[in-house]
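The values are calculated or read from the model by the stated rules, or taken from the named source; none is laboratory data. Predicted model, so just to flag it, every value in this text is computed and none were measured. Positions of Cβ are generated from backbone atoms using ideal geometry, with glycine treated the same way; all protein chains shown enter the neighbour counts. All accessible areas refer to the heavy atoms of the entire protein, side chains included, with ligands and DNA or RNA removed. Shrake-Rupley method; radii C 1.70, N 1.55, O 1.52, S 1.80 Å.
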Amino acid sequence: MVGPTVASALQPNRLGRLMADRSDGPIGRLPEHVIVEIFIRLPVYEWVQLACVNKHWASIFQGEYMWQTAIARNWPSAGLRKRWPGPIPRGSARRRFQALYVSENLVQSGGEIDELVGHTYLYLKEQLEHPTMPPSSILHGTIIDQFIACGNTGEKAHDLASKIWLAVIDSLEENQQTFVLLKRIAQEGEFFLPFPYSRSYKVLWRVFDKLFTDFRDCFSGAEYHDALSTAKSRFQPVPSTWLGH
């Protein structure tokens, strides 16, 4: 139980006072489990600032207890979820918190909070940002295998994979690295794989749409016409917003 004096520090607008306290101040003298109870009641976006206040607070965020407590408070049923088979692991408590947060806030999955969806999102985003990214068809196949290994039908696996791809693509920063990545995905040859391993129409559309709207100025003239020719071979008709360079 957190007492009234400590509870008053839980208000988000008291963050400045919390950060002003040093490890030898009143907050620093509290037991660690009470400090954790304070932290997990503050907005997630402020945790990075809290971890920079002093070494003690940084160590709290580096440990497992903080993240396990945050999971128990925000998603009580997550502790009942058993480890799943497949190539995408569950990982540490911090990784699990990130996955649950993603599933609840970033991937549209029909109102359900599925930890595996969040882990798959994190896996795909990390792979796409890696310098030696494998072909997107291999990443897509890995995701499909993961969901099928956990008991999903091929249709459900394909639907979940498509939603995750769309969420990851939409989360990418608008920079040269993303332009190169999207251009590579757009240029990858079509593999005639059976459903559900075939690539999603919606995902390919989003890739081209971002290239021709958000990154149009990054193309050279020849690159633009090559990309547009590839788009026309896959989508008919192409939207007018894709035209013109």
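Once the cut-off is 22 Å, how many percent of the Cα-Cα pairs in segment 119-243 end up in the long-distance tail? Roughly 35 percent, once rounded to a whole number. Approximating the spin labels as points 7 Å out from Cα along Cα→Cβ, the Ala58-to-Thr132 distance works out to 3.1 nm. Which percent of the accessible heavy-atom area of segment 63-242 goes to carbon and sulfur, probe 1.4 angstrom? Summing carbon and sulfur atoms, their accessible area is 53 percent of the total for segment 63-242. Using only the alpha-carbon atoms of segment 63-181 as identical scatterers, what base-10 log of I(q)/I(0) does the Debye formula give at q = 0.15, 0.19 Å⁻¹? Summing over Cα pairs of segment 63-181 leads to -0.69, -1.06. Normalised by residue count, the chain yields a Cα convex hull volume of 163 Å³ per residue. Pairs of Lys residues in segment 63-242, spaced 8 or more positions apart or belonging to different chains, with C-alpha separations under 14 angstrom: 4 in total. Electrostatic tally near Ser103: other residues with Cβ closer than 12 Å to its Cβ, Lys and Arg +1, Asp and Glu -1, net -1. The mean accessible area for residues of the chain, using a 1.4 Å probe and ignoring ligands and nucleic acids, is 54 Å² per residue. A simple rule links phi to the HN-Hα coupling: the Karplus curve 6.51 cos²θ - 1.76 cosθ + 1.60 with θ = phi - 60°, which for segment 67-81 gives 6, 4, 5, 5, 5, 4, 6, 8, 9, x, 7, 5, x, 8, 6 Hz, with x for Gly and Pro.
Put a dot 7 Å past the Cα of Ser229, heading toward its Cβ, do the same for Ser92, and the two dots end up 4.9 nm apart. For Trp84 and Glu188, the FRET efficiency from 1/(1 + (r/R0)^6), where r spans their Cβ atoms and R0 equals 25 Å, is about 0.30.
A straight chain from Tyr45 to Asp214 at 0.36 nm per residue would run longer than the Cα-Cα distance by 58.2 nm.
Using only helices, what value at 222 nm comes out for the chain when you add -39,500 (n - 2.57) per DSSP H run of length 4 or more and divide by the total residues, to the nearest 500 deg cm²/dmol?
Computed mean residue ellipticity for the chain: -17000 deg cm²/dmol.
The label-point distance for Glu173 and Glu32, in a model that sets each label 7 Å from Cα toward Cβ, rounds to 3.3 nm.
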